[in-house]
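FYI, it's all coordinate maths here, none of it is from the lab. Just so it is clear, the structure is predicted and the values come from calculations on it, not from any experiment. So basically every Cβ, Gly included, is an ideal-geometry build from the backbone, and we count neighbours across all protein chains shown.
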Amino acid sequence: MIELGVNIDHIATVRQARRTVEPDPVWAAVMAELGGADGITVHLREDRRHINDRDVALLRETVRCKLNLEMACVDEIVKIACKTVPNQATLVPERREEITTEGGLEVAGQVEAVQKIVQRLQDCGIVVSLFLDPDLKQIQSGIQTGCNAIEIHTGRYALAKNDHARNIELTRIRDVGKMIMDAGLRLHAGHGLTYHNVLPIAEIPKMQELNIGHSIISRAFMSGLKEAVTEMKRLIRSVADSE
Ligand code: PXP
């Protein structure tokens, strides 16, 4: 069974657009769990642009399924992770100017440094996943770090302009997926996955976890909008009805 990790960062993005208290990612996590999510994924960025420290602390107390903390390899966040102890940490690259996590972690050439962080997190009882591009060099280096899982960045697959380009990316993901599996690690994938492109990735043998955010949250806005307007309209109308 493939596990679905629901990334709820975008709920916090909408909250931060007004610097208010809604929508609350803690509430969103409950809704996602009720929908059958196997994991709740949040990225505590250094600039706290969406998810903040309060969210992570409360999610740790309330999430009953797997809590997966996406994080950069920086001391401040490693300390927070070791204090909070999410079930899983996914190490990702982080650049302040990027809109989202645009590429995988650059682990080739810095295996030792990443290895140290992997070890620190594992010593705190956290399962560690690395978010890597489906490139041979990165995957080979990732395996050397002693991590428990590798999440393949599916962004290039998702953005492929045509079937030919998409198939090339899919083959690349399948090939590195086999390497990850043969190394005895958990195989995860994510980024840019939608209701339209997820199936070929889900069909990769031994795929264990998919982390999906933007597409699910976009769908949720749309499927909930009619009901939300109806509720507001009913409320306003109740004044007219009582006059
Ligand atoms: N996996 C990782 C490691 C990510 O950084 C992200 C984006 O935050 C996702 C999965 C989810 O990507 P998307 O929002 O495009 O579904």
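When you scan region 16-38, how many residues do you find that are β-branched (Val, Ile, Thr) and part of a helix (DSSP H, G or I)?
2
Can we say Ile236 is in contact (Cβ under 8 Å) with a residue 24 or more places away in the chain and either within 15 Å of the chain's Cα centre (by Cα) or assigned to a helix (DSSP H, G or I) (or both)?
no
Yes or no: Val42 surrounded by fewer than 15 Cβ atoms within 10 Å (Cβ to Cβ) and touching a helix residue (DSSP H, G or I) at 6+ places or on another chain (Cβ under 8 Å)?
So Val42 fails the test.
Quick check on my filter: what residues within region 197-215 are out of contact with any strand residue (DSSP E or B) (no Cβ under 6 Å at 6 or more places or on another chain) and either surrounded by 10 or more Cβ atoms within 10 Å (Cβ to Cβ) or of a type in the set (Asp, Glu) (or both)?
Asn197, Val198, Pro200, Ala202, Glu203, Ile204, Ile212, His214, Ser215
Could we say that Asn68 is of a type in the set (S, T, N, Q) and touching an Asp or Glu at 6+ places or on another chain (Cβ under 9 Å) here?
When the stated conditions are applied, Asn68 passes them.
Condition check: hydroxyl-bearing (Ser, Thr, Tyr), within 16 Å of the ligand (Cβ to nearest atom) and either part of a helix (DSSP H, G or I) or touching a Cys at 6+ places or on another chain (Cβ under 7 Å) (or both). Does Ser218 satisfy that?
For Ser218, the condition - hydroxyl-bearing (Ser, Thr, Tyr), within 16 Å of the ligand (Cβ to nearest atom) and either part of a helix (DSSP H, G or I) or touching a Cys at 6+ places or on another chain (Cβ under 7 Å) (or both) - is met.
Hey, among the residues in region 24-37 that are surrounded by fewer than 18 Cβ atoms within 10 Å (Cβ to Cβ) and not hydrophobic (A, V, I, L, M, F, W, C), which one's farthest from Leu210 (Cα to Cα)?
Taking the candidates together, the pick is Asp24.
Every residue in region 205-215 that is farther than 19 Å from Leu105 by Cα, of a type in the set (S, T, N, Q) and near the ligand (Cβ under 9 Å from one of its atoms), please.
If the condition is that a residue be farther than 19 Å from Leu105 by Cα, of a type in the set (S, T, N, Q) and near the ligand (Cβ under 9 Å from one of its atoms), then Ser215 is the only one that fits.
Name the pairs whose Cβ atoms lie under 7 Å apart, with the first residue in region 174-203 and under 12 Å from Glu151 (Cα atoms), the second basic (Lys, Arg) and away from the ligand (no atom under 15 Å from the Cβ), and 6 or more positions between them or separate chains?
As it stands, the answer is Met181/Lys206; Leu187/Lys206, since those pairs meet every condition given.
Hey, could you check region 166-204 for residues that are under 17 Å from Ile143 (Cβ atoms) and in a loop (DSSP other than H, G, I, E, B) and say which is nearest to the ligand (Cβ to nearest atom)?
Checked region 166-204; the qualifying residue nearest to the ligand (Cβ to nearest atom) is Leu185.
Taking the condition of being free of Cβ contacts under 8 Å to residues at least 12 places away in the same chain, among the charged types (D, E, K, R) and within 23 Å of Arg156 (Cβ to Cβ), how many residues in region 73-118 meet it?
The number of residues fulfilling the criteria is 3.
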